[in-house]
């Protein structure tokens with residue numbers, strides 16, 4: 001009988017040794033790792049069979065998740081071999097065979113400065129209430145940025161922080177704050193139920209791993225309105241698109257109300273991308289929307305298309321435009337001009353900065 005634990009241990013050793021961010025396990029293929037954004041097959045490892053991938057899934061998943069996976073055909077989970085290395089994972093079926101994607105969660109939580117993020121983010125962690133979002137496509141470091149912000153609060157002041165995650169990713173150690181981490185299905189039934197309970201848990205700061213439906217968004221916005229600092233993420237490409245996504249997730253008869261609530265509670269949206277560095281590795285480029293009277297009015301009046309211009313011209317208010325971030329990275333020798341243009345959402349505007 002195959003020793004799937006040993007196979008997994010060997011693969012995880014390669015992930016950590018090579019500085020990879022992800023491990024992919026697919027039937028009929030060599031295992032693959034992602035390093036600095038590139039997917040690399042481990043050709044020295046044997047091609048995996050259907051039995052191999054199913055066996056590894058059963059080795060990774062706990063008993064409750066095994067039955068849930070076989071029933072639903074896909075599942076999010078966390079995996080901590082030997083309790084040292086930690087992964088966020090997803091197991092799924094494709095063409096009747098099992099596939100597994102594992103994302104490495106570093107054991108240490110880096111600071112905002114260590115992550116090459118703007119100092120301005122620290123200011124949002126010091127707010128007593130409001131709604132702050134970190135957005136971007138999958139795999140762009142949103143969870144890492146949120147963890148850094150939560151840990152800064154943990155170090156600076158005594159608060160009660162509750163995280164609601166699916167699954168739990170970074171593990172926090174209580175410093176000045178009390179941090180309670182709740183995992184969907186194990187500690188609570190769903191995001192909305194956990195958010196509703198949060199009002200009765202004497203919480204100061206809530207971190208929601210992801211907002212997946214209007215009920216969760218509505219509860220989060222309400223929490224931000226009623227004296228809590230709420231941090232969360234969305235899979236969107238920009239600040240203006242994020243606002244549209246939030247509004248459009250509600251039925252038309254509720255959209256005016258959510259616009260008013262969002263205009264009053266939003267304190268900022270940070271959108272980030274990880275760029276391939278010339279020297280190797282990845283570095284973030286970003287956009288920052290800071291709420292002010294102009295932004296609140298645009299949200300309230302449904303004129304979100306004008307928000308991009310406000311960001312581009314709002315550096316005096318602390319706004320950061322993505323093209324300016326990209327141009328700065330080019331001038332610093334961190335990324336190539338080609339990379340900047342590839343990730344820019346407005347190349348013509350970038351022309352004027354380079």
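What follows is calculated from the coordinates using simple rules that are stated; it is not laboratory data. All figures in this text were calculated on a predicted structure; none of them were measured in a lab. Don't worry about glycine lacking a Cβ; one is built from the backbone with ideal geometry, like all the others, and counts go over all protein chains shown.
Identify the residues of the stretch 116-131 with backbone N under 20 Å of a label point that sits 7 angstrom from the Cα of residue 175 along the Cα-to-Cβ direction, or state none.
116-129
Tilt of helix 239-248 relative to the longest C-alpha principal axis of the chain, in degrees (0 to 90, nearest 10)?
For 239-248 against the chain, the angle is about 80 degrees.
Once both axes come from the Cα atoms, what is the angle between helix 4-18 and the longest principal axis of the chain, in degrees from 0 to 90, rounded to 10?
50
Based on the alpha-carbon gyration tensor of the stretch 176-318 and its eigenvalue square roots a ≥ b ≥ c, which shape applies: rounded if a/c is under 1.5, prolate if not and a/b is larger than b/c, or oblate?
Cα axes put the stretch 176-318 in the oblate bin.
Taking only Cα atoms and a 10 Å spring cutoff, compute GNM fluctuations for the chain and point out the largest among 64, 220, 147.
Highest fluctuation among the options: 64.
With 10 angstrom as the radius, rank 77, 124, 270 by how many other C-beta atoms surround their C-beta, starting from the fewest.
124, 77, 270
Output needed: percent of Cα pairs per 10 Å distance bin for the chain, bins running from 0 to the one holding the longest distance.
That works out to 5, 23, 30, 26, 13, 2, 0, in percent per bin.
Determine the percent antiparallel among the DSSP beta bridges restricted to the chain, to the nearest 5. Kindly include the intermediate steps, with their values, before the conclusion.
Working: 37 of 63 bridges.
Antiparallel: roughly 60 percent of the beta bridges in the chain.
Gain in length, residue 110 to residue 72, computed as 0.36 nm per residue apart minus the alpha-carbon separation, to one decimal in nm?
So the extension gain works out to 10.2 nm.
Using a 7 Å offset from Cα along Cα-Cβ at residue 303, what residues in the stretch 252-268 end up with backbone N under 16 Å from the label point?
Label zone hits: 260, 263.
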